[in-house]
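Please read the structure below before turning to the comments.
The values are calculated or read from the model by the stated rules, or taken from the named source; none is laboratory data. Values in this document were obtained by computation on a predicted structure and should not be read as measured data. Neighbour counts are summed over all protein chains in view; Cβ atoms, including those assigned to glycine, are modelled from backbone coordinates with ideal geometry.
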Amino acid sequence: MAATDQFRFWGVTSFYSETLIPLLRASLDNRQYLGARSDHYFAYFIAGISILGWLLALWRWVVNRFRVDASDPFTFAAMIFCGAFLTNMLQAWFLQVPFLNSRTAVFYYPLFAFQLFSGAVMLVSRFKWGPYLVLGPLGAAFVANFLICANLFNTYDWGFDANTFRVLQYIREQHQAERRDTPFSLDTQWLEENSFNFHVHEKHNGNYSTWVVMPSWHPDRPPAADNSDFYFTHVEAEVTQLAGRYLVVWTYRDPGMTWWLMRRK
C-alpha cells in the first residue's frame, strides 16, 4: 500500500474527522435522517455516551480499589473500548499511523455495544426498568437503520462491482438473441474490471467464454483501447469520448453513481 500511495486516502488530522464521521456516514449510507448534519449529531450522541461510560467505569474502578472482577463486566467493557481508542490515538500522534477509516473501524461497534449493554444491565440492577425505556427506542432505531440501509448488491465504499451480473446477463441475452457463433468482447473502466475478470476468467473456469471474452487485467488506460464490442464504465467523460464509435445500450442509476454499457457501432 505504501508503494502505490494508498495511505493518501487516510490521514492523521483527528479521530473525529478521519474515523468517527466516515464510519457513521457509511453506517447511515449517507442518509440524512436529521438534516445535512445528521452524521455529526449521531457522532455527538455516540461520543457523549462513550465518554460518560468511561468516566463512570473509572469511578467504579477507583471505588473498587483498582480491581476489576467478573461481577463488574461494565468496567471491563469500558476499559477495552477506551483502550482501543487510546491505542489508535497514540499511534497517530507519535508514529503518524493513519486513523482507521470506515471499513477498518467497524470493530468499534461491538466494543461500543459491549459497553452500552453491560452498562444497561448494571443500571437495571439499581433502577429496575428505567434504562430499558432508553435502550428500547435506541435498539429499535438501530434495527430500523439496518433494514433501511441493507444492500445486497454493493458496499458503501466500493460500488463499482454492483452491476457485474446485470451486464453479463445483458450480453448473454444479446448473444442468444443474435445467434452469434463467436463471443462478444467486453472491456471496462479499470475500477469495474476486477469483478468482471474474476467472474469471467476465474470463478466459472471459462464457462462464459462461449459468449463473452475480456482482455487481461490492465490499469487505467484510454477507454475501449482494444476496440471491444462492449465497453462498460461509470465515467461520463468516457461516454462522451466514445460517442463517435459507441452507442449507449444500457444505463443503470444508483444514488450517487451512474453506469453506462456501450456497444460499438
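Can you spot a residue in region 38-57 that is touching a Leu at 6+ places or on another chain (Cβ under 6 Å), in the same structural domain as Y108 (by TED's automatic domain parsing) and of a type in the set (A, V, I, L, M)? The answer is yes; a qualifying residue exists. For first residues located in region 222-233 and at positive phi, partners that are assigned to a strand (DSSP E or B) and surrounded by fewer than 21 Cβ atoms within 10 Å (Cβ to Cβ) and lie 6+ apart or on another chain with Cβ distances below 8 Å form the pairs A224/R264; N227/R264.
Would you mind stating whether R67 is modelled with pLDDT under 95 and farther than 30 Å from W158 by Cα? So R67 fits the description; yes. Mind listing just one residue for me: the one in region 1-28 that is small (G, A, S) and over 18 Å from the mean Cα position of the chain (by Cα) and, of those, modelled with the highest pLDDT? Here the residue is S14. Candidates are the residues of region 177-225 that are among the hydroxyl-bearing types (S, T, Y) and assigned to a helix (DSSP H, G or I); the one that is modelled with the highest pLDDT is S195.
Residue pairs whose Cβ atoms lie under 9 Å apart, sitting 6 or more positions apart in sequence or on different chains, and linking a residue in region 184-210 that is surrounded by fewer than 14 Cβ atoms within 10 Å (Cβ to Cβ) to a partner that is at pLDDT 85 or above and not in a helix (DSSP H, G or I), are S209/P183; T210/P183. M122 - would you say it is more than 29 Å from N194 (Cα to Cα), surrounded by fewer than 16 Cβ atoms within 10 Å (Cβ to Cβ), of a type in the set (A, V, I, L, M, F, W, C) and in contact (Cβ under 8 Å) with a residue 24 or more places away in the chain? For M122, the condition - more than 29 Å from N194 (Cα to Cα), surrounded by fewer than 16 Cβ atoms within 10 Å (Cβ to Cβ), of a type in the set (A, V, I, L, M, F, W, C) and in contact (Cβ under 8 Å) with a residue 24 or more places away in the chain - is not met. With respect to D39, is the statement that it is more than 21 Å from T155 (Cα to Cα), surrounded by 14 or more Cβ atoms within 10 Å (Cβ to Cβ) and touching a helix residue (DSSP H, G or I) at 6+ places or on another chain (Cβ under 9 Å) true? Spelling it out, it is not the case that D39 is more than 21 Å from T155 (Cα to Cα), surrounded by 14 or more Cβ atoms within 10 Å (Cβ to Cβ) and touching a helix residue (DSSP H, G or I) at 6+ places or on another chain (Cβ under 9 Å). Of all the listed residues (P131, P98), the sole one being crowded, with 17+ Cβ neighbours inside 10 Å, of a type outside the set (S, T, N, Q), touching a helix residue (DSSP H, G or I) at 6+ places or on another chain (Cβ under 9 Å) and without any contact (Cβ under 8 Å) to a residue 24 or more places away in the chain is P131.
For I21, the test of being of a type in the set (A, V, I, L, M), assigned to a helix (DSSP H, G or I) and closer than 23 Å to P131 by Cβ is failed. Pairing each residue of region 16-41 that is closer than 19 Å to A144 by Cβ with any residue that is among the hydrophobic types (A, V, I, L, M, F, W, C) and part of a loop (DSSP other than H, G, I, E, B), provided the two are 6+ apart or on different chains, yields C-beta distances under 7 Å for S38/L28; D39/L28; Y41/L34.
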